[in-house]
Each structure stands twice: as structure tokens, then as C-alpha cells.
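Any read-out appearing in this document is the output of simple, stated calculations on the displayed coordinates, not a laboratory observation. Remember, predicted model here, so these are calculated numbers, not experimental data. Because the Cβ atoms are built from the backbone with ideal geometry, glycine has one as well, and the counts that use them run over all protein chains shown.
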Amino acid sequence: MMSILVIAESNGIEVDRGTLSAITAAQKIGDKINLLILEDSEQVINKAKKIKGVSNIITTSGDLQGGLAENLAPLISECAKDVTHVLSSAGTFGKNIMPRVSALNDSQQISDICEIIDADTFVRPIYAGNALATVKSLDKVKFITVRSTAFQAANDQEGDAEIVEGPVAETNGKSSFVKRDLSESDRPELTAAKIVVSGGRGIGSADNFSILDPLADKLGAAVGASRAAVDAGYVPNDYQVGQTGKVVAPELYIAIGISGAIQHLAGMKDSKTIVAINKDEDAPIFQIADYGLVGDLFEIIPELSDKI
Amino acid sequence: MMKILVPVKRVIDYNVKIRVNSEGSAVETNNVKMSMNPFDEIAVEEAVRLKEAGLAEEIIIVSIGDKGSQETIRTAFAMGGDRGVHIVNDLNTEPLVVAKILKNLIEKETIDIVIMGKQAIDDDSNQTGQMLAALLDWPQATFASKLELNDNQIKVIREIDGGLETLNVKLPCIVTTDLRLNEPRYASLPNIMKAKKKEIIEIPIEETGVDFSSRLEVLKVEEPEIRSGGRKVEDVNELISVLKNEVGVI
Ligand SMILES: Cc1cc2nc3c(=O)[nH]c(=O)nc-3n(C[C@H](O)[C@H](O)[C@H](O)COP(=O)(O)OP(=O)(O)OC[C@H]3O[C@@H](n4cnc5c(N)ncnc54)[C@H](O)[C@@H]3O)c2cc1C
């Protein structure tokens, strides 16, 4: 019998979309799924109770502040004692914590899986997604992070999970949380948006970046960026799409003033439809775009926002 | 004064378009340009800056891999690393094994800070730093974009999905680097010459006392379905019309 622990990431209101994808992945492995909530929040717990496919919600208390890996890893290990698989989404939260838990359990983690072959065998992208490796884990307990764009979000309306009181997080004392500066935006979250409008170095400056706003507003889109645009300070780091940033797979991805380096493609090539706007007709982005428009973005974008 | 350990990995250069070998068992590395993992370059640079600021005394570079790894260690020397350890393994070493080997080294050397890349751009695992922190029971400052060292503590700004996070971690600790921590320097010719004389100790992996057998069996490696490009549209009107009528997303 496969018993699976899913580590939730939540924001004081609900578990995030990546966690719902990890639950879908867990359902492909087995059917006893426990969801570990690392926040002492009634609102999160009550909402999580309704996620379909979850048997138990494990609550926690104690020093959970800031989600510090040093404090949480021993607690997660304790909850993982009788399970065969531990899953989380492959966002920065899971990437930070899961390897620490995996090493405490002397298990070789499997990162960023995009397909499940069977309970031991998984497919994961390597080399910025330019190759796919099928790997079989020989460890007794498997620690896995899940690429959320590869698995649909679990239904979070029709479930009825039991609530089970879990362990208390203790302070390790070696690290402390100071603060979080989250980017404020009224737009949809990048990894959950149906449409993403992304800008690159071609945009030219932080001020110019607002040229994308009317278009994003009209489309109800999230705004993303290439690494070059983030490095140059046009937009904050959490806009970065790519191998080492966020992975997105919206219905429509519009790449504007982005050349199409493999590291950028790694984060968006699974989008359903890709549109590229670039003044260089030989830009590599056109090799993967479904529709390309060659021209100056400073003329095209205002016209497009106007007419769309 | 502090000692800093920087592990570096030799990987296929980030500009190379990789190919899967004909057996479908791995990515072809023969006759392919190899370089230091870009995140590790950032780690070396950060260590050198701490040394230049008078905050650290010695930078030890470690690499695990085949004999080409010595070239990568020398690249780190040319940037400012002081001495090196090469753990010789011709085969792939999994992150947990790397973490165990590093732990053994650290216990012999009394290291204060380990600075390492957040991920290697070949297997994209993003695990080793966190695993090493677990094995040593040290705090971890992952995905760092800014470090401030005072007394026995580092204040670190980390890149997270929602923005930035600030933590304090006590020494000894593990730091993993994100892209915006610094911009690595180019080594000068005199420093490249000096790097040739710095010492590298070679240790075969069999002599590390760590079980280095694989826990993840690679059954196959394949290229993903290539997305073929579509077509160019003439102007904004045509673009809007295809998005409305052919794709139907807007
Ligand atoms: C270890 C590592 C990790 C990386 N991770 C990432 C990652 O996660 N995400 C990422 O994006 N990159 C990543 N990169 C960087 C990547 O290699 C490229 O450098 C980067 O994606 C380039 O960004 P860009 O396309 O915006 O800039 P450029 O390559 O400079 O392209 C700018 C484009 O804008 C076009 N342009 C200029 N002006 C106009 C105009 N007026 N109108 C229309 N078009 C115009 C140009 O023709 C050009 O094609 C990584 C690199 C390394 C080494």
C-alpha cells in the first residue's frame, strides 16, 4: 500500500496551485494521501479539507515562522516515517526544504518530475529541458519535487479530509527569519496565469517596461521577463521565466524583445501557443514561436494593445 | 580568520546545444566544450570578494569528477582560490554522495562557510547545498542574491517565488548562489599563470569512505519533442486575427 505525504505551501489563505498539482501527481502513485500544512492557520486548514483525494490533513504548530528549513526538516521527517513517498511542488519553497529532508532520511531526491511511470520510476527534465531522463529510484522512501505545469491542479471543492494533529516545530536556533518583501501585483500569478506577456532586454529600461501594462491589462495576463531584463533591473527577480526562474505553461505566451536563449525557452516552451515579437527576423525565438511578428516593439505593442 | 570551501562542478558549457548519445543513455560529453558550472563561478567570486575584504583567510576549491575537473579547479584558482582537492570519479556522482564527501572534507578542515551554486546546469537538481546542510546540521542560506557578513552571522537576501526574503544564519553555514549575487570576474593572465602552481590534492573516490553507488538508475535519456516554429504574420491586424480565429485564446 502506497502512502504519500504531500508538503503544502500556503500563504495564510490557501495552499498554492503548485501544491494542488503535487496532489494530482500523488494520486498517480497511490491513494492514501496525507497533506502536511506548515502554517497554523484555520483558514488554510478549512480550505484544504475540501481538496479531493486527500485522506488526512496533518496540522502543525510551534516555530513555523518564515518556513525555515532548519526547523521544518526534522518535523517533516517525523511525518514521513510510515510513508513511501514525500512530494512537494518544485517552487523555491520545495526546492529549499525537500533536499534537507531527503538527506536526513539518507535518500537521493528526485527533482522536478514531469511524468510518473510507476511508483519507482519518473521522468525529469535535465539540461534546461533539452533532454528528458527516465530514472528509477532504488531508495525505500522517495523524496520528490513536482513540476507543477506538468500536472493539473487537484479539485479543491469536493473533498472531505480528516484533520489530524501533527507534530510541533522546534526552534533550531541557527537561523532566523527577518522579513519577506513580496512583489505586489493585481495581476494573476505568473505560474497560474492563462496568458503571459514577457519582456526582455529589448524593452530597454525599467520605465519602458510599463509599455506592457495596457496589453497585460486587456488580456488579463501575468507579466514575466527574461533574465537579462531582471539583471538589468527592469523588473524584480520573481518575474524571471526560465531554467533557473519560473516554469510556465499558459495557453498563450507572448515574448517581446526576447531573443530565445535555451535557458529562457526552458521556462516557457510548454506553453500552448507562443507568439514572438522581435525586430531581428533571425532571432532564435522565431524557431519555436507559433506566430512571429518582426518589427519594432515600440510601434507594435501600443498598436496591439489598442486594437486587441 | 575564516576558511571558505567552494565546491565546483565541470559541466557542458551553457552555450552548447546538447545532444543525446546514440544509445539513448546519456547526454554526449565527448568532444564538447566544458566549463565551470555558472552558479559555481558566482560562488568562487563571492568567496574571493570576502577574502579581498579581509574577512576570509583561505579559499579551498573542491571538485568531484574525471581528470578534466582539475582544469575547472585551476579556473577557480585563477579567480582567487588558494588550494584544491580533486575527488576522482569518472562516473556521475549523485548529489547525496557529493554532500557526504563534502561533509567528510569539512570535518577535517574546519570550514566556516561553504559557498556553492544553487544548481548545476547539467542535471538541474538543486539539492547538494541543502543536503550538505542537513548532514552537518548547519543552517542553509539558499538562492542568495546578497550577503552581509558580520561577526558570527550572515544576513542573506534570498530570491524566492514571490520576491525576496531576508534571513540571518549563524556560522558555520552553507550558502547557495543565485544569478544576481555578483558578476564573476575574468581571470587576468598573471593570475592564470599563478594558478598553475597552486596545489591540488587528488583523492580517488574509493578512498573517501563514502558509499558512492547510484540510487537513481538512469533507464533512458531522450530528446523532448521539438517544437517546430509556426509562421510569421505580416502585421498587428493579422496577429489579432489568428489569435482570435485560429487559436481562440482572446
Ligand atoms: C546559468 C544560467 C542561467 C540562466 N537562466 C536564465 C533564465 O532562467 N531565464 C532567462 O530568461 N535567461 C536565463 N539565462 C540567460 C540567457 O542565456 C540569456 O542571456 C537571456 O535569456 C537573454 O535575455 P533576452 O532575450 O531578454 O536578451 P537578449 O538576448 O539581449 O535579446 C534581446 C532581444 O530583443 C530584441 N530587440 C531589441 N530591441 C528591440 C525592439 N525595439 N523591438 C523588438 N525587439 C527588440 C533583439 O533583437 C534581441 O533578440 C541564464 C544564463 C545562464 C548562464
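When B:MET193 is tested against the conditions (1) over 21 Å from the mean Cα position of the chain (by Cα); (2) part of a loop (DSSP other than H, G, I, E, B); (3) more than 26 Å from B:MET1 (Cβ to Cβ), the lone failure is (2).
Exactly one condition in (1) over 21 Å from the mean Cα position of the chain (by Cα); (2) assigned to a strand (DSSP E or B) is false for B:VAL156; which is it? Of (1) over 21 Å from the mean Cα position of the chain (by Cα); (2) assigned to a strand (DSSP E or B), only one is false for B:VAL156: (1). Looking only at residues of region B:221-250 that are of a type in the set (A, V, I, L, M, F, W, C) and surrounded by fewer than 15 Cβ atoms within 10 Å (Cβ to Cβ), we find that the one that is farthest from the other protein chains (Cβ to nearest Cβ) is B:ILE226.
If the condition is being more than 9 Å from the ligand (Cβ to nearest atom), part of a helix (DSSP H, G or I) and surrounded by 21 or more Cβ atoms within 10 Å (Cβ to Cβ), then region A:217-232 contributes only A:LEU219. Reported count of residues in region B:125-150, each being touching a strand residue (DSSP E or B) at 6+ places or on another chain (Cβ under 6 Å) and surrounded by fewer than 20 Cβ atoms within 10 Å (Cβ to Cβ), is 3. A:ILE116 meets all of the listed conditions (1) more than 7 Å from chain B (Cβ to nearest Cβ); (2) without any contact (Cβ under 8 Å) to a residue 40 or more places away in the chain; (3) surrounded by fewer than 24 Cβ atoms within 10 Å (Cβ to Cβ) but one, namely (2). Do we find a residue being assigned to a helix (DSSP H, G or I), near the ligand (Cβ under 9 Å from one of its atoms) and within 28 Å of A:SER89 (Cβ to Cβ) anywhere in region A:274-289? Yes - at least one qualifying residue is present in region A:274-289. Listed conditions (1) facing chain B (nearest Cβ under 7 Å); (2) in contact with a helix residue (DSSP H, G or I) (Cβ under 8 Å, 6 or more places away or on another chain) are all met by A:LEU132, apart from (2). Of the residues making up region A:189-205, those that are of a type in the set (A, V, I, L, M, F, W, C) and within 14 Å of the ligand (Cβ to nearest atom) are A:LEU190, A:VAL196, A:VAL197, A:ILE203.
Applying the criterion of being of a type in the set (S, T, N, Q) and assigned to a helix (DSSP H, G or I) to the residues of region A:16-39, the residue that is surrounded by the most Cβ atoms within 10 Å (Cβ to Cβ) is A:THR19.
Conditions first: (1) more than 9 Å from the ligand (Cβ to nearest atom); (2) surrounded by fewer than 24 Cβ atoms within 10 Å (Cβ to Cβ); (3) not in a loop (DSSP other than H, G, I, E, B). A:VAL235 passes all but one, so which condition is the exception? It is condition (3) that A:VAL235 fails.
The number of residues in region A:238-273 that are aromatic (Phe, Trp, Tyr) and near the ligand (Cβ under 6 Å from one of its atoms) comes to 0.
Here B:THR166, B:THR177 are screened, and the one residue that is among the hydroxyl-bearing types (Ser, Thr, Tyr) and closer than 23 Å to A:SER10 by Cβ is B:THR166.
The strands (runs of 3 or more DSSP E) found entirely in region A:110-149 that carry 1 or more residues being under 27 Å from A:ILE195 (Cβ atoms) and within 16 Å of the ligand (Cβ to nearest atom) are A:110-113, A:121-126. Residues considered: A:VAL135, A:VAL123. Of these, the only one that is free of Cβ contacts under 8 Å to residues at least 40 places away in the same chain and in contact with a Cys (Cβ under 9 Å, 6 or more places away or on another chain) is A:VAL123.
Among the residues of region A:255-295, those identified as under 17 Å from B:GLU234 (Cβ atoms) and either crowded, with 24+ Cβ neighbours inside 10 Å or at the interface with chain B (Cβ under 7 Å from one of its Cβ atoms) (or both) are A:VAL275, A:ALA276, A:ILE277, A:ASN278, A:PHE286, A:ALA289, A:ASP290, A:TYR291, A:GLY292, A:LEU293, A:VAL294.
Here is the figure for region B:196-211: residues that are within 22 Å of the chain's Cα centre (by Cα) and assigned to a helix (DSSP H, G or I) total 2. If only residues of region B:135-146 that are in contact with an Asp or Glu (Cβ under 9 Å, 6 or more places away or on another chain) and hydrophobic (A, V, I, L, M, F, W, C) are counted, the one that is farthest from the other protein chains (Cβ to nearest Cβ) is B:ALA144.
Can you name every residue in region B:56-73 that is farther than 14 Å from B:VAL114 by Cα and surrounded by fewer than 21 Cβ atoms within 10 Å (Cβ to Cβ)? Listed by number, the residues that qualify are B:ASP66, B:LYS67, B:GLY68, B:GLN70, B:GLU71. Got a sec? Which of B:LEU167, B:LEU149, B:LEU132 is assigned to a strand (DSSP E or B) and more than 7 Å from every other protein chain (Cβ to nearest Cβ)? Step by step, each of B:LEU167, B:LEU149, B:LEU132 is checked, and only B:LEU149 is assigned to a strand (DSSP E or B) and more than 7 Å from every other protein chain (Cβ to nearest Cβ).
Of the residues making up region A:83-98, those that are without any contact (Cβ under 8 Å) to a residue 24 or more places away in the chain and crowded, with 24+ Cβ neighbours inside 10 Å number 0.
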